[in-house]
Amino acid sequence: MTIGMSSETDNGTAPAEQSLAIQNRLTEIATVTEALESFATANRVTETITWRFQLALEELLRNVIAHAYTDNCAHEIEVHFQCSDSEFTAVVRDDGIPFNPTHIEAPDLSEALEEREIGGLGIHLARNVVEELDYAWEEGRNVVTLRSQLPTG
């Protein structure tokens, strides 16, 4: 795992960006959660927004780790946090097979749990707990960006 911080907020008290790289192992998700909590606290992000990003990132990272790789090799997944006065952003980059989570249909939540198809609920949660979820394929990597506006004042 690699962690790096750069920049400062306008008042110079906390980093405005943080990047970390994890391996494609489920145990590494806790590292992202801890980094997110620390970064969000330092930048005075509300507990609600922090919790929503934790949920979304956990679901996205679980999907990447479980489904993005066709080999048993170690892969690096990059996670980047950025906080401005008005917006909180998290970006996940992986070198797995191309997968656009914005093209996945929402699961039919009206069916009984035992009758539903397996899969899709984590992505549905991730898309619905943040204000914006975008996808791009850049330089051979999946890039998923999560954004939420921060409360003013």
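Numbers below:
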{"read-out": "Residues satisfying the stated conditions in the stretch 23-40, i.e. open to solvent by 70 Å² or more (accessible area, probe 1.4 Å), touching a helix residue (DSSP H, G or I) at 6+ places or on another chain (Cβ under 8 Å) and either in contact (Cβ under 8 Å) with a residue 60 or more places away in the chain or not aliphatic (A, V, I, L, M) (or both)", "value": "Arg25, Glu37"}
{"read-out": "Residues of the stretch 1-52 classified as in a strand (DSSP E or B), at pLDDT below 95 and polar (S, T, N, Q), total", "value": "2"}
{"read-out": "Qualifying residue in the stretch 41-52 (condition: closer than 22 Å to Phe88 by Cβ, surrounded by fewer than 16 Cβ atoms within 10 Å (Cβ to Cβ) and under 13 Å from the mean Cα position of the chain (by Cα))", "value": "yes"}
{"read-out": "Tally of residues being open to solvent by less than 70 Å² (accessible area, probe 1.4 Å), touching a helix residue (DSSP H, G or I) at 6+ places or on another chain (Cβ under 7 Å) and not acidic (Asp, Glu) across the stretch 57-73", "value": "5"}
{"read-out": "Top-ranked residue of the stretch 53-107 - restricted to ones that are assigned to a helix (DSSP H, G or I) and small (Gly, Ala, Ser), ranked as nearest to Leu133 (Cα to Cα)", "value": "Ala56"}
{"read-out": "Conditions (1) at pLDDT 90 or above; (2) open to solvent by 60 Å² or more (accessible area, probe 1.4 Å): number failed by Ala136", "value": "(2)"}
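The values are calculated or read from the model by the stated rules, or taken from the named source; none is laboratory data. Owing to the predicted nature of the structure, the values given are computational and were not obtained by experimental measurement. For neighbour counting, all protein chains shown are included, and Cβ atoms are generated from backbone atoms with ideal geometry for every residue, glycine included. Just so you know, the surface numbers come from the protein's heavy atoms only, side chains and all, with ligands and any DNA or RNA stripped out. Shrake-Rupley method; radii C 1.70, N 1.55, O 1.52, S 1.80 Å.
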